[in-house]
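Encoded as structure tokens, the structure appears first; notes follow it.
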Amino acid sequence: MKKAYLYLLIGTILMFFSLGIIALDLIIHIAGYGLMILGMLLILQQRESPSLLIASQLTIGLLIFELLKVGVARAIMSNTLLSIGFMTLILITQLAIFYLIIKSEGEASESLEVQTYQQAELLLSIGLLGLYFISYFSTLAFSLFAILNLCFYFFIVYVFYKLINAYSY
């Protein structure tokens, strides 16, 4: 389990990492999604979890979208309204993936600490979605969205780090 959460941690870092160079970002993001899928599959070998199975399937969907984004989706992304729809869908999918991973661990361990992480992730996700929609109308909301998105990223990294340590003993 420690190895699985280590893969999830590294995959999360790579998934959010961006240099702005399309070809290099593609490789980094694919590696991140691949590590996340591998981590989830390792956990699924240890225990059965419907929410983790859904999370792994959503991650595979994001991996496929990342591959398509370079070619086909570039034409779609030029349309602003369609671009907003895709970005919203990606954000919701990412938030759902992390929620389902933490939910799966909460169901398995029944730990109060993990349940607290689950509730905090849900609150952060709701806040992120709200600020995301408002950010199209306000630059202040966009700044708050960027700050909260960074906090969400560090929170997820922290949760996976704590789960790695929980399985060290």
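The values are calculated or read from the model by the stated rules, or taken from the named source; none is laboratory data. Just so it is clear, the structure is predicted and the values come from calculations on it, not from any experiment. FYI the Cβ positions are ideal-geometry reconstructions off the backbone, even for glycines, and counts take in every protein chain you see.
Structure data summary
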read-out	value
Count of region 2-43 residues which are of a type in the set (Gly, Ala, Ser) and within 15 Å of Phe160 (Cβ to Cβ)	4
Members of region 47-96 that are among the aliphatic types (A, V, I, L, M), farther than 28 Å from Leu131 by Cβ and modelled with pLDDT under 85	Leu67, Val70, Val72, Ala75
Number of positions in region 52-68 that are in contact (Cβ under 8 Å) with a residue 24 or more places away in the chain and farther than 17 Å from Met40 by Cβ	2
Subset of region 151-169 (residues that are of a type in the set (S, T, N, Q) and outside any helix (DSSP H, G or I))	Ser168
For Ile101: the one exception among (1) aliphatic (A, V, I, L, M); (2) surrounded by fewer than 16 Cβ atoms within 10 Å (Cβ to Cβ); (3) within 18 Å of Gly11 (Cβ to Cβ)	(2)
Residues (in a helix (DSSP H, G or I) and surrounded by fewer than 15 Cβ atoms within 10 Å (Cβ to Cβ)) located in region 11-40	Ile22, Ala23, Leu24, Leu26, Ile27
Verdict on Ile54 being in a helix (DSSP H, G or I) and either among the aromatic types (Phe, Trp, Tyr) or more than 25 Å from Gly20 (Cα to Cα) (or both)	yes
Selected residue (only one of Ser83, Ser18, Ser51 is more than 22 Å from Leu148 (Cα to Cα) and polar (S, T, N, Q))	Ser51
Scan of region 130-150 for residues that are part of a helix (DSSP H, G or I) and either at positive phi or touching a helix residue (DSSP H, G or I) at 6+ places or on another chain (Cβ under 7 Å) (or both), ordered by number	Leu131, Tyr132, Ile134, Ala141, Leu144, Phe145, Leu148, Asn149
Pair list, Cβ < 9 Å and 6+ apart or interchain, from region 106-133 residues that are under 16 Å from Gln94 (Cα atoms) to residues that are crowded, with 16+ Cβ neighbours inside 10 Å and hydroxyl-bearing (Ser, Thr, Tyr)	Gln118/Tyr99; Glu121/Tyr99; Leu122/Tyr99; Ser125/Tyr99
Matching residues in region 141-165 - criterion: being crowded, with 16+ Cβ neighbours inside 10 Å, within 23 Å of Ser109 (Cα to Cα) and free of Cβ contacts under 8 Å to residues at least 12 places away in the same chain	none
